[in-house]
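**Q** Would you mind keeping the following structure in view while I ask a few things?
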Amino acid sequence: MSKDDKEKTQIIDKDLDLSNAGRGVWLVKVPKYIAQKWEKAPSNMDVGKLRISKTPGQKAQVSLSLTPSVLALDPEKKIPTEHVLDVSQVTKQTLGVFSHMAPASAESGTNSGKENSTTATTSDNEKLYMEGRIVQKLECRPIADNCYMKLKLESIRKASEPQRRVQPIDKIVQNYKPVKDHAHNIEYRERKKAEGKKARDDKNSVMDMLFHAFEKHQYYNIKDLVKITNQPISYLKEILKDVCDYNMKNPHKNMWELKKEYRHYKTEEKKDEEEHKSDGGSDSE
């Protein structure tokens, strides 16, 4: 929840009915199959019978038996009917059971456009109760009979089943339409067709194009030279081996450079020497 939502939410103080605060309540943990049965049962149905047998000097024995009406809600699914409840005392914790009662008229009124009036009526009609304080925890445990063993075997079998299965299909399932040819492939072929097949030009004319290109830049890769000369790459490499050197080391790795005998630009060392000579001649004068 954002800060704006927290600011818009109104915190309303309500009275808590504590008339049943002194009542002791049991907190019972039941298996999942019992909880599912009880959720399906109507409110006026007896869902089980609790038996408490006390023996002097021993803990009370608590057992739970499900009623036939609950078992009839889903007759195909067989579940254990007899259960034992293990009792444990709550000493280091303070736990309580609370209930919230909201009338149906208030819930339907909140959907209308009158927000202010409905909020006021809802806050007045809602009631909070403390149903009691938890004094004992009970864990419902089924008796290990044949019905329970079959139920556990079925749950283990379902858990071991793979979520994905390979199954044969009767008809072809196409999630996408197949394409005969992709657009970039068609564009590439049309461009190649427009350019035509690269024909070998005269060696001297290709060398002139290379020398003209190397007047602009000192280093080129093979792709740029193919674009400049428009020659087949195998034929161009034959000419480059005659007039150029291939760099194998950084910083100009995999790039071509004119051989020394074809270079016309001056190196930095020669420039420094010429400048030094010119400076020395002017000083002598």
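**Q** Each residue of the stretch 53-62 in order: what ³J(HN,Hα) in whole Hz does its phi give by Karplus 6.51 cos²θ - 1.76 cosθ + 1.60, θ = phi - 60°, with x for Gly and Pro?
**A** Computed from phi, the couplings for the stretch 53-62 are 10, 10, 10, x, x, 10, 5, 5, 8, 10 Hz.
**Q** Which value, in Å² and to the nearest 10, is the accessible area of ILE156 when all protein chains are kept and the probe is 1.4 Å?
**A** The accessible area comes out at roughly 110 Å².
**Q** Among the listed pairs LYS192/LYS253; LYS37/LYS92; LYS78/LYS171; LYS54/LYS137; LYS37/LYS152, which are separated by more than 27 Å between their Cα atoms?
**A** LYS192/LYS253; LYS37/LYS92; LYS78/LYS171
**Q** So who's got an amide H within less than 5 Å of the one on CYS244, skipping anything under 5 residues away but keeping other chains? H placed 1.01 Å off N, in plane.
**A** Amide H neighbours of CYS244: LYS259.
**Q** Expressed as a whole percentage, what fraction of the accessible surface of the stretch 134-266 belongs to carbon and sulfur atoms when a 1.4 Å probe is rolled over the protein heavy atoms?
**A** Of all accessible area on the stretch 134-266, carbon and sulfur atoms account for 52 percent.
**Q** Sticking with this structure for a sec: Which whole-number percent is the relative contact order of the stretch 199-262 (Cα, under 8 Å, 6+ apart)?
**A** 34 percent
**Q** List every residue whose amide H lies under 5 Å from the amide H of ASN20, counting only residues 5 or more places away in sequence or on a different chain, with H placed 1.01 Å from N in the peptide plane.
**A** When sequence neighbours closer than 5 places are left aside, the close amide H contacts are MET130.
**Q** Per residue, how much accessible area does the stretch 199-262 show when a 1.4 Å probe rolls over the protein heavy atoms, in square angstrom? Let's see the in-between values first.
**A** Numbers: 4260 Å² over 64 residues.
On a per-residue basis, the stretch 199-262 sits at 67 Å².
**Q** Starting from the amide H of THR67, placed 1.01 Å from N in the peptide plane, find each other amide H under 5 Å away whose residue is 5 or more places distant or on another chain.
**A** Result for THR67 returns GLY48, LYS49.
**Q** With respect to the cross-link table entries LYS77/LYS158; LYS216/LYS260; LYS14/LYS49, which display a Cα-Cα separation exceeding 25 Å?
**A** The answer is LYS14/LYS49.
The values are calculated or read from the model by the stated rules, or taken from the named source; none is laboratory data. Predicted model only: the values in this text are computed from it and were never measured. Heavy atoms of the whole protein, side chains included, go into the accessibility calculation; ligands, DNA and RNA do not. Shrake-Rupley method; radii C 1.70, N 1.55, O 1.52, S 1.80 Å.
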